[in-house]
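These notes concern the structure reproduced below.
Read-outs throughout are calculated quantities, based only on the coordinates presented, and are distinct from any laboratory measurement. Computed from a predicted model, the values in this text were never measured in an experiment. Neighbour counts run over all protein chains shown; Cβ positions are idealised from the backbone, glycine included.
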Amino acid sequence: MIIYDLTCDNGHRFEGWFRSAEDFDSQCQGHLVGCPQCDSHDVRRVPSAVAIASHRDADAGTAAIPMPDGTTALVPAGTQVMALYRQLVRAVMEHSEDVGTAFAEEARRIHYNEAPERPIRGQATADECEELRDEGIALLHLPAIKDEDLN
Ligand SMILES: [Zn+2]
């Protein structure tokens with residue numbers, strides 16, 4: 001799974017999840033990628049910020065960290081920033097309930113007050129993330145981090 005930072009012709013920044021670079025190219029050429037804010041299909045990649053979410057070992061030297069402004073920071077492992085990031089991941093893991101692959105369903109139940117409000121974490125597909133966003137449910141993507149990196 002690849003996360004691309006994208007921008008539309010109106011300058012909105014957003015994230016797109018794709019199976020591969022080829023998947024992005026074909027969706028983009030077919031005008032299937034739309035801006036969530038203005039629905040423009042004139043979308044292009046922001047070249048400097050690319051994060052590979054599920055490739056745990058391929059790029060162990062860097063961590064891709066989502067920033068509040070919608071960009072992604074690539075941080076060299078072993079730096080102070082990386083240490084802070086590990087603290088954040090640990091805090092998220094300690095203070096959230098792991099609902100695994102039921103994440104989308106549970107996030108929706110909380111959003112519609114069908115389940116008690118609490119922090120949850122888990123896995124969701126790109127389609128599920130998109131649907132949740134469409135329903136106004138805020139998500140934070142954390143790149144996968146190896147257990148041994150947490151210590
Ligand atoms: Zn837009």
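Some notes on this structure:
- Site pair V92 and S26 shows an inter-label distance of 3.0 nm when each label is modelled 7 Å from Cα along Cα→Cβ.
- Per-residue HN-Hα couplings for region 126-136 [Karplus 6.51, -1.76, 1.60; θ = phi - 60°; Hz; x = Gly/Pro]: 4, 4, 5, 4, 5, 5, 4, 4, 4, 8, x
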